[in-house]
Amino acid sequence: MQYYDLDKEEQKQLEDIESGGLESVENVSEAKRQAVRAAKGSLNKTFNINIRLSERDVYKLKAKAAVEGLPYQTLAASILHKSASR
């Protein structure tokens, strides 16, 4: 019984794991160092901001967040991050 939904990439990774289709990297310690460096780079300091939104927009944001199972502030931060990253 599956209790979660996987996107296409996650489903492919699961299939690769289950079928033994993954290969070991040649230099594990270097790959680990790169992964740690990438993880540290993604853990940027966060800042609090105050922004004024219409009541209607906040209700819509909360409704969308509820459907996705997220706190609405997390969804708002995700939307802003995606927009700023373009």
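Cα gyration tensor of the chain, axes a ≥ b ≥ c as square roots of the eigenvalues: rounded (a/c below 1.5), prolate (a/b > b/c) or oblate? Here the chain falls in the oblate category.
Couplings for segment 12-17, taken from phi via the Karplus curve 6.51 cos²θ - 1.76 cosθ + 1.60 with θ = phi - 60°, read 4, 4, 4, 4, 4, 5 Hz in order; Gly and Pro are left as x. Straight-distance candidates among the lysines for linking to K64, with alpha-carbon spacing under 23 Å and chain neighbours fewer than 8 residues away dropped: K8, K82.
Modelled spin labels at S83 and L53, positioned 7 Å past Cα toward Cβ, are 1.0 nm from each other. Computed 3J(HN,Hα) for segment 76-86, one whole-Hz value per residue from the Karplus formula 6.51 cos²θ - 1.76 cosθ + 1.60 where θ = phi - 60°, is 4, 5, 5, 4, 5, 4, 4, 5, 6, 7, 6, glycine and proline marked x. For segment 12-78, the list of GluC sites (Glu not before Pro) that fall in a loop by DSSP and count at most 11 other C-beta atoms within 10 angstrom reads E23, E26. Nearest 500 deg cm²/dmol is fine: what mean residue ellipticity at 222 nm does the chain get from its DSSP H runs of n ≥ 4 alone, each adding -39,500 (n - 2.57), divided by its residue count? The helix-only estimate for the chain comes to -20500 deg cm²/dmol at 222 nm. Listed values for segment 23-33 are Karplus-derived 3J(HN,Hα) couplings in whole Hz (6.51 cos²θ - 1.76 cosθ + 1.60, θ = phi - 60°), namely 10, 6, 7, 5, 10, 4, 5, 5, 4, 5, 4, and x replaces Gly and Pro.
None of the figures in this text is laboratory data; all of them are computed from the coordinates on show. The shown structure was predicted, so the numbers you read here are calculated from the model rather than taken from an experiment. A quick note on method: Cβ atoms are made from the backbone with ideal geometry, for glycine too, and the neighbour counts reach across all protein chains shown.
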